[in-house]
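Data block below; observations after.
The values are calculated or read from the model by the stated rules, or taken from the named source; none is laboratory data. This is a predicted model, so every value here is computed, not measured. For neighbour counting, all protein chains shown are included, and Cβ atoms are generated from backbone atoms with ideal geometry for every residue, glycine included.
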Amino acid sequence: MAIRFVLPLLLVLGAIAWLAAPLVGGLIERWFRADVEMRSRLVFNSVQETVMDLAQAKSSRQIDRLFRGIAQDERVLALGLCGVDGQLINRSAAWPAVLKCPPQAAQGSAFTVEHLPSGSVLAASFELMAQGESLGRLVILHDLRFIERRSSSAENYLAAFLAFLSLGAAIVTVVVARVTLHGWVRAVRSGFAAPASGLGEGKAVAPEIAPLLNEMRKVMRNLEVPRTLSDAIRVDWGPDSLRSLLRDELPDAEVLVVSNREPYIHNMEDGRVVLQRPASGLVTALEPIMRACGGTWIAHGSGSADTVMVDERDHLPVPPDSPNYTLRRVWLTDEEQDGYYYGLANEGMWPLCHIAFVRPVFRASDWEQYVAVNRKFAAAVVAEAQTPNPVVLVQDYHFALLPQMVREQLPEATIITFWHIPWPNPEMFSICPWKEEILTGLLGSSILGFHTQFHCLNFLESVDRFLACHIDREHSVVRGTEGTTLVRPYPISIEWPPAALATQPPVNQCREDVLKHYGLPAHVRLAVGVERFDYTKGISDRFRAVQSLLEHHPDWIGSFTLLQVAAPTRGRLAAYQITQEEAETLAREINERFGRDGWHPIVLIARHHEPEDVLTLFRAADLCMVSSLHDGMNLVAKEFVAARDDEDGVLVLSTFAGASRELLEALIVNPYDIRAMAEALHSGLSMPPEQRRERMKLMRDLVSEHNIHYWAGRMLLDAARMRKRRAIERQIVHVSAAGGGGHG
Ligand code: G6P
């Protein structure tokens, strides 16, 4: 940069010197000449009387002596006395032989310049007048060569001076420019963060920076436009739109998913390998995304035949019938599984985040395993990444530390963490002994997603309470020492239409099949409940509501059945065993009390059902009960809606499930209010068909639009915007490094 700046400056100053030197030379010549002329007059004035006396006395020798004395002045070359006839009467020794008496100078001037072979001389001729009569002229000669010499040295000095001046000016300018540029870059960089974080917008900004900053903010805001567009314009989100989003907005981005639960489990049953798709909302949501985008899904290989199915790199192409992404299985020891999964994740974090009044248990030994397993998965992410900046989709409370661990090794990665369960308020969260570590770990994410704004706010409050971070609430951004995390709600959803729907028989057929399969009379109104046997799901409360319904609306005795399928889950934990036992006992008691002639009000099937079977149940039902005591989203509610392409069926939905924020046409209930829940059941079963259709249509509209591709699309759009923003930031750092010696 210095060369680019200094060279033109030197050229310009050189040109100035070239033009100015003759002028300066002329000026100096004139100064010296005026000086010489003045001296001539002084000499003349001082000797005039003496010369006239000696001339009148015709004392030639004395005149010579006088001339010799005066000519010793180095500025005087020679003196001569010219007679009235123009003849040279006297002259000093240095008078040039070729020079006669110079002609009378032009009117009013006593000076002429004589150009002799030895150089120019100035001749100053002064009339000697005595009583009005001329006695001749005293001529004083000055050698003008010294003036020429001096004016040419002056020109040289001037050129040298200008050269030094220009060099000095260039150096000073470059130094000042670099210091100023550095300051600008710093100011721009801190102001530049303002659109995302709000930082700097309130700060005083140097007036010269303000216009530049405003321009840059405009550019950055333009990058915000796609968000508005994606929210405002109705896009039919599906696998194709997601693929084109990846292609256009995140070109060459490698997608890596990390979750504890794997999408395909291989178990050994009776010497055969059996494929199972787990009961997990997370898997239900993520699997269609991976089918659309491709990439690698890193998960715990938990099946008894999982090791048999993978290659030497623990890879398995899935889905098994038409593979289009890779499942990378990570193996855990029993000790790791106990501490990380059963212990910290499911006895600590799960009850901590769900208000279900089950006390969280925190053991230091579990924490150690949790840290170790997070590290193991982080290493798997780094090993799988083919590029320095993959898009890593981290799933759920099993991996709160992993984002930071990955960030340390892949600083350029875009890490999107989605927390599938609720986030507690800071008071609740404060009981966790490792709260700071968990928050710091999560803040390694570029984007942290929750289902609801409420959970985002709880998270921000927790950060505010336990970490020293800047929180920009306007933009929902946490700015820590390690970077920036955008905290946003992304309500999760399901594939629309669900893939398994394609093979489903018509609704009437489903109903017939299900009633027949479970030995239920053809006339019963059927409610279904489908979940894991988890204490957060409110299964016993649901049974109590059935009991209350039959108590208060006995007409339903014999003509209503709740078919509850519940997949046993986390069965090694006491809280889960108790939940299942309690529900089974309660169902038995209610059935004993109200059952008659082979009819039972509750059919409880405690086993895992594959997605196709679950869809059949939904299609067979008049009503679906989702009575979670607390749930991040609850995708069963959305699956029920998606299954009902006949636009019939009633959804009874807990107000404590995230889904209740979107499915407003469901009958929203408080699962702790058993009586009210029984009344909701009654009104649902009695609801006129047109009203059922109207409600179902509206809910289907919402889920079809806000489907799983919309969920992923919004997160990936935010990620793409963030990557563009980072690219611009990197350019600024680059400019500052090149121009101002700054560093990024
Ligand atoms: C919830 C969690 C998921 C989990 C699922 C099943 O939906 O958010 O992360 O996969 O429950 O639980 P499990 O422990 O069987 O994986």
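Quick notes on this one:
- Of all residues in segment 377-386, those being surrounded by 18 or more Cβ atoms within 10 Å (Cβ to Cβ) and either within 18 Å of G301 (Cα to Cα) or within 16 Å of the ligand (Cβ to nearest atom) (or both) number 5.
- Number of positions in segment 250-277 that are more than 30 Å from I415 (Cβ to Cβ) and of a type in the set (G, A, S): 1
- Some residue of segment 298-319 being closer than 16 Å to E254 by Cβ and either touching a Phe, Trp or Tyr at 6+ places or on another chain (Cβ under 9 Å) or acidic (D, E) (or both): yes
- Complete set of residues in segment 473-499 that are of a type in the set (D, E, K, R) and surrounded by fewer than 21 Cβ atoms within 10 Å (Cβ to Cβ): R473, E474, R479, E482, R488
Per-residue answers, yes or no, for (1) assigned by TED's automatic domain parsing to the domain that holds S628; (2) touching a His at 6+ places or on another chain (Cβ under 9 Å):
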residue	(1), (2)
F640	yes, no
V652	yes, no
F656	yes, yes
S660	yes, no
M677	yes, no
P689	yes, no
L698	yes, no
W711	no, no
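- T503 meets the stated requirement of being out of contact with any strand residue (DSSP E or B) (no Cβ under 7 Å at 6 or more places or on another chain) and among the β-branched types (V, I, T).
- The residues of segment 417-468 that are hydroxyl-bearing (S, T, Y) and part of a loop (DSSP other than H, G, I, E, B), listed by number, are S430, S445, S446, T452.
- Note on segment 80-107: residues that are loosely packed, with under 12 Cβ neighbours inside 10 Å and under 20 Å from V43 (Cβ atoms) amount to 1.
- Number of positions in segment 359-370 that are in a helix (DSSP H, G or I), of a type in the set (F, W, Y) and away from the ligand (no atom under 15 Å from the Cβ): 1
- Criterion applied to G271, G294, G281 was being away from the ligand (no atom under 16 Å from the Cβ), within 23 Å of I494 (Cβ to Cβ), out of contact with any Lys or Arg (no Cβ under 7 Å at 6 or more places or on another chain) and in the same structural domain as E412 (by TED's automatic domain parsing), and the one residue passing it is G294.
- At least 2 residues being assigned by TED's automatic domain parsing to the domain that holds S280 and over 25 Å from A680 (Cβ atoms) is the threshold, and among the strands (runs of 3 or more DSSP E) wholly inside segment 472-568 those reaching it are 477-479, 484-489.
- Counting only residues that are surrounded by fewer than 15 Cβ atoms within 10 Å (Cβ to Cβ) and of a type in the set (A, V, I, L, M, F, W, C), segment 500-557 holds 2 of them.
- Pairing residues of segment 555-575 that are under 20 Å from G538 (Cβ atoms) and more than 10 Å from the ligand (Cβ to nearest atom) with residues that are in a loop (DSSP other than H, G, I, E, B) and β-branched (V, I, T), at Cβ distances under 7 Å and at least 6 apart in sequence or on separate chains, gives F560/V524; T561/V524; A575/V358.
- Flag if V373 is in contact (Cβ under 8 Å) with a residue 12 or more places away in the chain, within 15 Å of the ligand (Cβ to nearest atom), within 17 Å of G301 (Cβ to Cβ) and among the β-branched types (V, I, T): yes
- S259, sole failed condition from (1) touching a His at 6+ places or on another chain (Cβ under 8 Å); (2) within 10 Å of the ligand (Cβ to nearest atom); (3) free of Cβ contacts under 8 Å to residues at least 60 places away in the same chain: (3)
- The set of residues in segment 329-348 that are more than 16 Å from the ligand (Cβ to nearest atom) and outside any helix (DSSP H, G or I) comprises W331, T333.
- Here is the figure for segment 24-59: residues that are more than 24 Å from R75 (Cα to Cα) and either in contact with a His (Cβ under 9 Å, 6 or more places away or on another chain) or loosely packed, with under 15 Cβ neighbours inside 10 Å (or both) total 5.
- Looking only at segment 387-425, and only at residues there that are more than 13 Å from I447 (Cα to Cα) and among the β-branched types (V, I, T), the one that is nearest to the ligand (Cβ to nearest atom): I421
Yes/no per residue for (1) outside the structural domain of V273 (by TED's automatic domain parsing); (2) buried (at least 16 other Cβ atoms within 10 Å of the Cβ); (3) assigned to a helix (DSSP H, G or I):
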residue: R313; (1), (2), (3): no, no, no
residue: L327; (1), (2), (3): no, yes, no
residue: W350; (1), (2), (3): yes, yes, yes
residue: F357; (1), (2), (3): yes, no, no
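- Only one of the numbered conditions (1) of a type outside the set (D, E, K, R); (2) more than 12 Å from the ligand (Cβ to nearest atom); (3) under 25 Å from H609 (Cβ atoms) is not met by L250, and that is (3).
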